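Remarks on the structure that follows.
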Amino acid sequence: MFELIGVPPAVLFGQLLLGLINGAFYAILSLGLAVIFGLLNVINFAHGAQYMMGAFAAWMLLTFAGIPYWAALVVAPVLVGATGIVVERLLLSRIYHLDHLYGLLLTFGLALILEGVFRSQFGSGGQPYPNPLPGGQNLGFMFLPNYRAWVVVLSLAVCLATWFMIERTKLGSYLRAATERPDLVQAFGVNVPRMITLTYGFGVGLAALAGVLAAPIYQVSPLMGSNLIIVVFAVVVIGGMGSILGSIVTGFGLGLIEGLTKVFYPEASNTVVFVIMAIVLLIKPAGLFGTAK
Amino acid sequence: MLVRAEETTGTPAGAPAAARRPGGGATFLWLFAAMVAAGMVAPFFAYPVFLMKVLCFALFACAFNLLIGYVGLLSFGHAMFFGGAAYVCGYGIKTLGLTPELGILAGMAFAAVLGSAVGWLAIRRQGIYFAMVTLALAQMFFFFCLQTRFTGGEDGIQAIPRRPLFGLIPTTDDRVLYFIVLALFLAAFLLIYRIVHSPFGQVLKAIRENEPRAISLGYRVERYKLVAFVLSATLAGMAGAMKTVVFQLASLSDVAWQMSGEVVLMTLVGGMGTVFGPVVGAGIIVAMQNYLSGIGEWVLVTQGVVFVAAVLLFRRGVVGEIAALVTRARARGES
């Protein structure tokens, strides 16, 4: 085996793949945050908890109802998205007229509730979820597990489909218009409140989908969301929330950088995203794809 | 009236203050005297360690309130100043053999330096981004504390001795230490009151209400924000260092994001932008934690429910709502 800068290629590419997968989760979650923030003006702090709920929904569907992974891939996001719709109707819709900070505080409380409930029911330990695609391909320079390849392909597809829907379809143009001027869009006869509700449900569903994808890779644990969401916030600060493609690129890119850091300087792998955030704040405070307001 | 009307409406929503009343200084003096009296007699009725915990968190919440209540900046990372100072103070007392007052000063100095660096970065963004930036930087500091040697990793710094204050006054007795902590708290509380009601504090409130106008009036808004941030961080550090002296422990939970969330909750429940609100809020939340500590994970759920209820039902907080009631009653009496 040849070595690359003193690192066996299997290790390097293995970590890069894991970085790409983490990057896929960053991309899906920051995408959802950006879509929700655009229309609701709420930073959804519960996003991490909803990602955790997606993983738990898949686990519970399998454990208690015997519903396999492939069905859970659709059912779990729909179920969790439905809880998001209830939350939006009951709670969030009451605070749109207030400062953005109250949305953050409300969803932070929601995240605490969700995490606390799941911790009291399932403990802080993780629940294993069987790998639906065992085995893998030997690519010569590395071993590619089938499931990990599937996660990368599917998340890329989901990200691009979301981008296409928002930037290239009629529904998306309504959405973008309502982000700019909800009052005018309403005047044209579009039911904006319903659009807001469905958008929140969609964003939450995206987070839950990432959770289902994560379940076979990481253990299903009540704590899996809270640590992730803080990194995703840093990703959002780095990328800015103005651009859909921007959040996708930033998410995958930061995942890759994190993977590289794990190979060459593992002590910094937890903090590298935050360091990059600090550097971006120094050089381009509005974020890489953001516009200064 | 507990606080001036303008302060009760001074939530980050930036609602225009409808009823601005002059004065309020006399009311503050009465209430402050009542708080001092309550602080003096409390240890004869309640467990001193519990009361000291309340005082430490009350100071923490007051320091946090200096930012959210008077500058309108929501920091979601104040645990790094609280916990960072707790570590430095604990290390200084245990390993370097510092006396408590020097340990607390060392903790405050550390929090001030850290606050300058973090504030300098974070004030480049406003509103919601400011909250996310402070949260992320605090998480970075958390990982630093987890990995570095002197914090003791998962164990934290334990069994920190209670050395005599100034090398003279023994602090091993909880009652004695209580009165020291009470004196420190009251001094810091008065300092915050003085800051808020100084010309500097007026500029801060102007920035909160309308930042572009403050800029157009020629104020260097960035500098004011940074100074307020460093003051807030330093006082949060004082609270963390005092907590270390009281509990003889500095641990990872002091720097975790949950701690940042707790101080937000205390201030929100008590009343953002009110002078006494954070003290009341800290009392409520600490009492709630003590009372509920037997039911484990449900503490988290209860805190979440209180958060949601506070945002939906009483955004002005306990003190803010009472003040608004009193103001309304007076207005009715006058008309």
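The values are calculated or read from the model by the stated rules, or taken from the named source; none is laboratory data. Because the structure is predicted, anything quoted here is derived from the model rather than measured. So basically every Cβ, Gly included, is an ideal-geometry build from the backbone, and we count neighbours across all protein chains shown. All accessible areas refer to the heavy atoms of the entire protein, side chains included, with ligands and DNA or RNA removed. Shrake-Rupley method; radii C 1.70, N 1.55, O 1.52, S 1.80 Å.
Odds and ends about this structure:
- Flag for B:Gly103 being modelled with pLDDT under 90 and either out of contact with any helix residue (DSSP H, G or I) (no Cβ under 8 Å at 6 or more places or on another chain) or assigned to a helix (DSSP H, G or I) (or both): no
- Qualifying positions in the stretch A:106-159 - more than 10 Å from chain B (Cβ to nearest Cβ) and of a type in the set (S, T, N, Q): A:Gln127, A:Asn131, A:Gln137, A:Asn138, A:Asn146, A:Ser155
- Under the condition of being open to solvent by 40 Å² or more (accessible area, probe 1.4 Å) and at the interface with chain A (Cβ under 9 Å from one of its Cβ atoms), the residues counted in the stretch B:143-165 number 3.
- Residue ID - surrounded by the most Cβ atoms within 10 Å (Cβ to Cβ), chosen from residues in the stretch B:242-269 that are under 13 Å from the mean Cα position of the chain (by Cα) and more than 14 Å from chain A (Cβ to nearest Cβ): B:Met242
- Test: residue in the stretch A:91-98 that is open to solvent by 50 Å² or more (accessible area, probe 1.4 Å), more than 7 Å from chain B (Cβ to nearest Cβ) and outside any helix (DSSP H, G or I): yes
- Scope the stretch B:121-140; condition over 13 Å from A:Thr271 (Cα atoms), facing chain A (nearest Cβ under 7 Å) and not aliphatic (A, V, I, L, M); matching residues: B:Arg124, B:Arg125, B:Gly127, B:Tyr129
- Residue within the stretch A:210-224 that is closer than 16 Å to A:Ala34 by Cα and under 12 Å from the mean Cα position of the chain (by Cα) present: yes
- For A:Leu281, the criteria (1) out of contact with any Ser or Thr (no Cβ under 7 Å at 6 or more places or on another chain); (2) more than 9 Å from chain B (Cβ to nearest Cβ) hold in every case but one, which is (2).
- Scanning the stretch A:233-257 for residues that are at pLDDT 90 or above and away from chain B (no Cβ under 11 Å) returns A:Ile248, A:Val249, A:Thr250, A:Gly251, A:Phe252, A:Gly253, A:Leu254, A:Gly255, A:Leu256, A:Ile257.
- Every condition in (1) at pLDDT below 90; (2) under 17 Å from the mean Cα position of the chain (by Cα) holds for B:Pro48 except the one numbered (2).
- Residue match in the stretch A:117-128 (condition: crowded, with 18+ Cβ neighbours inside 10 Å and under 19 Å from the mean Cα position of the chain (by Cα)): no
- Among the conditions (1) more than 30 Å from B:Arg149 (Cα to Cα); (2) in contact with a Pro (Cβ under 9 Å, 6 or more places away or on another chain); (3) β-branched (Val, Ile, Thr), the only one that B:Val263 does not satisfy is (1).
Residues checked against (1) within 14 Å of chain B (Cβ to nearest Cβ); (2) assigned to a loop (DSSP other than H, G, I, E, B); (3) open to solvent by less than 30 Å² (accessible area, probe 1.4 Å):
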site	(1), (2), (3)
A:Thr179	no, no, no
A:Leu198	no, no, no
A:Pro216	no, yes, yes
A:Val231	yes, no, yes
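- One residue from A:Phe64, A:Phe56, A:Phe118, A:Phe45 being in a helix (DSSP H, G or I) and within 28 Å of B:Thr134 (Cβ to Cβ): A:Phe118
Residues are listed down the side, and each one gets a yes or a no for (1) touching a helix residue (DSSP H, G or I) at 6+ places or on another chain (Cβ under 9 Å); (2) modelled with pLDDT under 90:
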| position | (1), (2) |
| --- | --- |
| B:Gly10 | yes, yes |
| B:Gly14 | yes, yes |
| B:Arg21 | yes, yes |
| B:Phe28 | yes, yes |
| B:Val41 | no, yes |
| B:Ala58 | yes, no |
| B:Leu67 | yes, no |
| B:Val71 | yes, no |
| B:Phe76 | yes, no |
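- The selection criterion, being among the small types (Gly, Ala, Ser), modelled with pLDDT under 90 and surrounded by 14 or more Cβ atoms within 10 Å (Cβ to Cβ), does not hold for A:Gly84.
- Hey, B:Gly156 touching an Asp or Glu at 6+ places or on another chain (Cβ under 9 Å) and within 22 Å of B:Ile93 (Cβ to Cβ) or not: yes
- Answer residue from the stretch B:110-142, given it is of a type outside the set (A, V, I, L, M), crowded, with 20+ Cβ neighbours inside 10 Å and closer than 19 Å to B:Gly261 by Cα and is modelled with the lowest pLDDT among those: B:Tyr129
- Filter pass, B:Gly69 being among the small types (Gly, Ala, Ser), within 14 Å of chain A (Cβ to nearest Cβ), over 19 Å from B:Leu252 (Cβ atoms) and crowded, with 23+ Cβ neighbours inside 10 Å: yes
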